[in-house]
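Working notes, structure below.
The values are calculated or read from the model by the stated rules, or taken from the named source; none is laboratory data. Quick caveat, the model's predicted, so the values are computed rather than measured. Backbone-built Cβ (ideal geometry, glycine too); neighbour counts: all protein chains shown. Calculation scope for accessible area: heavy atoms of the full protein, side chains included, ligands and nucleic acids excluded. Shrake-Rupley method; radii C 1.70, N 1.55, O 1.52, S 1.80 Å.
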Amino acid sequence: MNKDERLVKQIIPKSVDFSRWYTEIIRKAELADYAPIRGMMVIRPYGFAIWENISYLLDKRIKESGHSNAYFPLFIPESYLQKETEHLEGFSPEVAWVTHGGKEELEEKLAVRPTSEAIIGNMYSKWIKSWRDLPVLINQWANIIRWEKVTRPFLRTTEFLWQEGHTAHETYEEAQEETLMILSMYKEFVESELAIPVISGKKTEREKFAGALETYAIEALMSDGKSLQMGTSHNLGQHFSKVFNIRFEDRDQKLQYVWQSSWGMSTRLIGALIMSHGDDSGLIFPPRIAPIQVVIIPISVGNWKENVLPVAQNIESELKYIGVRVNLDAREEFTPGWKFSEWEMRGVPLRLEIGPRDIKGNHAVSVRRDTMDKEIISLDSLKQDVAEILKRIQKSMLEKALRFQLENTHEVQKFEDFKSVLDSKKGLIKAFWCGKQACEEKIKDETMGTIRVIPFKKDKEKAVGNCLFCGEKSDVLVYFARAY
RNA sequence: CGGGGAGUGGCGCAGCCCGGUUAGCGCGCCUGCCUUGGGAGCAGGAGGUCGUCGGUUCAAAUCCGAUCUCCCCGACCA
C-alpha cells in the first residue's frame, strides 16, 4: 500500500522535502513548466487561470480606489535609468539590455524594464503642469525582466507578471496616505481572497526599494517556516520627480516637484498560495482563487452513463448557473478513485461524488479538500449548500493559516534564544532592534535572519526593550525571519 | 556569482567506473476486451539521433573538452 501510494501521488511528500515538493507539484499539477531559457517558465492554463482570478479581483480593487490602467513601453533608454542613482545601483546588476535592432547596433542601449519608475517618470513630466492635474493615479499590468542569479518557479523568475501602480501627488502627506492605503488594500486582498494572513509594516533602510523614501510591505509566513514578501508599496518622495523634472504650479503659484508612490504585486502570489496551503497530497486552493472550485465525479458503475451522468450534468449546469467554477469529470478511462487523487493533487477545494446509491437517496457526497470532511448533501438544496461550503472553506483556510502564523511567531529578548529559535522552530521572531544597520547586518551574517518588517505600533504592545544584538534601549519591535 | 549534484521515450530511473549485438525497466500513452463507491486486470502496440557542440577511437549513452539547462547549499533580489 505504501509503495502504491508513492506511485499514485507521484510527488514527494511536503513533509519530507519541501523544496522538491514545491517544484514537483508545480509541474505535476500543470501550473507551470520550465522553458528552455534560464530562469524562465511557461505558465500553463491551470496556473494562468489563477493569475487571471488574482488579476480580476485585484484590478477591481485598484479601480474602485480611483486608479486607472494604462500601458507603458517595455524598453527604457539607458539614460533614463541612470537618472536616479540609487535606483540604477539597485537594479543594474539585474537589467537585461537590448543593444541591437536587427543588425544595427543601437546608439543608446535599451533596458528591458526591471520596473517602470523611470519611463513613467519621464512621461509624467510631460503630463503634469498644474496642481489641477493631480493626483495622477495610474496602474499597469505588465511583464518585468530581472536577471536574477537564482530562480524558482513563481517565487523568482527572470520574467514575471505583475501590476505596478505609479501615482503623483501635491504633498508628501497625500503620497504617504496613498502608499499606506495601497498597503492595507494589499493586506485585505491577500487575506480575503488568497486566505493568507500577512503582517504589514515598514521595511528597514537596508531592505528598502532602490530609490524610495520609504518602503512598506506585506509579509507572510510560509508553511516551511520561511517568510515571503508578497507585496510592496513605496513612498518615493521627490526622488524621481526631481530627476525627471516632474513639476507643477501649486495653489500658491509656486513651482513644486510632485510627491510619488509606486506599488506592486506579482505572480509570486501564486507561489505563496502553493506554499501556504498545500499538503502532502498536493495543492489546496482557496475557493475565491481556485481555477476550478468544484469537481463532480460520477461514480461509474454499471450503466452509469444512463443513470448517473444525466444527474451529474444537471448538477453541473445548476452550479454554473449560480456562478460556481465547476468541472464535471466524466472521463471514461479513469476510475473514480484515480480522479479523487488527481483533483486532490490539483487543489480543487470541493469534490462532489454522485453515484447510483446517492441518486436513490436524492443526495450527493461532498468532500472538502482542506479538511477531507465528507458531508452528504441533498440534491434539493445542493446549490445553496455548495455555495455555503465554499464560503466555509475559504474562511477556515484563512483561520488555519493564521493559527499557523501565530503558533510560529515567537518573541525573544536574547540573541542566544533568537539563534536557537531560528534554527529549531523557524517562523517569525519578534524582537527589539535599536535601529542601527550594523546590528541588522550582523544578525543577518550570523543567523540568516533578516528584518522582514517594522510593524505599525499597536497600543497594547510593550513600548521598550533592548536591542537583540547590542542590548541598547529600543522602542522598535520588529519581525525577523529567514526569507525567500 | 561561489560550492555540490544531475540531464537517457511524457514522468521516474538503470546502463557509464571497465567503450563493442537491436539502449533496458516501472508508470503513463494508443487499440481491444473487461472493469469501476479511494489511483483495477489481461492481450497487443507506438514512442529514443542518450541535453547540445566538438574531440579521441575501427567503434562513444559510456572516455576528454566546451557549452546550455535544472536541482540543492551559500552571497544578491518581488
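Laid out as a table, the results:
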{"read-out": "Top-ranked residue of the range A:316-330 - restricted to ones that are of a type in the set (D, E, K, R) and outside any helix (DSSP H, G or I), ranked as least open to solvent (accessible area, probe 1.4 Å)", "value": "A:329"}
{"read-out": "Residue check, residue A:420 of a type in the set (Ser, Thr, Tyr), without any contact (Cβ under 8 Å) to a residue 40 or more places away in the chain and either open to solvent by 40 Å² or more (accessible area, probe 1.4 Å) or in contact with a Leu (Cβ under 9 Å, 6 or more places away or on another chain) (or both)", "value": "yes"}
{"read-out": "Test: residue in the range A:25-48 that is over 28 Å from residue A:149 (Cβ atoms) and under 23 Å from the mean Cα position of the chain (by Cα)", "value": "yes"}
{"read-out": "Number of the exception - residue A:333 against (1) under 30 Å from residue A:183 (Cα atoms); (2) surrounded by fewer than 19 Cβ atoms within 10 Å (Cβ to Cβ)", "value": "(1)"}
{"read-out": "Failed item in (1) open to solvent by 60 Å² or more (accessible area, probe 1.4 Å); (2) of a type outside the set (S, T, N, Q); (3) within 12 Å of RNA strand B (Cβ to nearest atom), with residue A:383 passing the rest", "value": "(3)"}
{"read-out": "Residues being open to solvent by 40 Å² or more (accessible area, probe 1.4 Å) and in contact with an Asp or Glu (Cβ under 9 Å, 6 or more places away or on another chain) - total across the range A:364-373", "value": "1"}
{"read-out": "Hits in the range A:147-171 - residues which are of a type in the set (Asp, Glu), in a loop (DSSP other than H, G, I, E, B) and more than 9 Å from RNA strand B (Cβ to nearest atom)", "value": "A:170"}
{"read-out": "The one condition in (1) within 24 Å of the chain's Cα centre (by Cα); (2) within 16 Å of RNA strand B (Cβ to nearest atom) that residue A:57 fails to fulfil", "value": "(2)"}
{"read-out": "Qualifying residue in the range A:424-435 (condition: farther than 28 Å from residue A:193 by Cα, at pLDDT below 90 and of a type in the set (A, V, I, L, M))", "value": "no"}
{"read-out": "Count of the range A:276-315 residues which are within 13 Å of RNA strand B (Cβ to nearest atom), in contact (Cβ under 8 Å) with a residue 12 or more places away in the chain, part of a helix (DSSP H, G or I) and open to solvent by 20 Å² or more (accessible area, probe 1.4 Å)", "value": "4"}
{"read-out": "Residue in the range A:4-21 that is open to solvent by less than 50 Å² (accessible area, probe 1.4 Å), within 30 Å of residue A:347 (Cβ to Cβ), near RNA strand B (Cβ under 9 Å from one of its atoms) and in contact with a helix residue (DSSP H, G or I) (Cβ under 7 Å, 6 or more places away or on another chain) present", "value": "yes"}
{"read-out": "Flag for residue A:117 being in contact with an Asp or Glu (Cβ under 8 Å, 6 or more places away or on another chain), within 14 Å of RNA strand B (Cβ to nearest atom) and open to solvent by less than 30 Å² (accessible area, probe 1.4 Å)", "value": "yes"}
{"read-out": "Residues of the range A:122-146 classified as within 13 Å of RNA strand B (Cβ to nearest atom) and free of Cβ contacts under 8 Å to residues at least 60 places away in the same chain, total", "value": "2"}
{"read-out": "Qualifying positions in the range A:394-417 - in contact with a Gly (Cβ under 7 Å, 6 or more places away or on another chain) and more than 30 Å from residue A:349 (Cβ to Cβ)", "value": "A:410, A:413"}
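Table: residues versus (1) in the same structural domain as residue A:88 (by TED's automatic domain parsing); (2) at pLDDT below 95; (3) surrounded by fewer than 24 Cβ atoms within 10 Å (Cβ to Cβ); (4) in a loop (DSSP other than H, G, I, E, B).
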| residue | (1), (2), (3), (4) |
| --- | --- |
| A:201 | yes, no, yes, no |
| A:211 | yes, yes, no, yes |
| A:216 | yes, no, no, no |
| A:261 | yes, no, no, no |
| A:264 | yes, no, yes, no |
| A:269 | yes, no, no, no |
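Let's see how each residue does on (1) within 21 Å of residue A:271 (Cβ to Cβ); (2) surrounded by fewer than 22 Cβ atoms within 10 Å (Cβ to Cβ); (3) at pLDDT below 95:
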{"residue": "A:143", "(1), (2), (3)": "yes, yes, no"}
{"residue": "A:175", "(1), (2), (3)": "no, no, no"}
{"residue": "A:184", "(1), (2), (3)": "no, yes, no"}
{"residue": "A:190", "(1), (2), (3)": "yes, no, no"}
{"residue": "A:195", "(1), (2), (3)": "yes, no, no"}
{"residue": "A:198", "(1), (2), (3)": "yes, no, no"}
{"residue": "A:223", "(1), (2), (3)": "yes, yes, yes"}
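Here's the yes/no breakdown for (1) in the same structural domain as residue A:465 (by TED's automatic domain parsing); (2) at positive phi; (3) touching a residue at least 24 places away in the same chain (Cβ under 8 Å); (4) more than 15 Å from RNA strand B (Cβ to nearest atom):
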position	(1), (2), (3), (4)
A:343	no, no, yes, no
A:350	no, no, yes, no
A:359	no, no, yes, no
A:364	no, no, yes, no
A:424	yes, no, no, no
A:444	yes, no, no, no
A:447	yes, no, yes, no
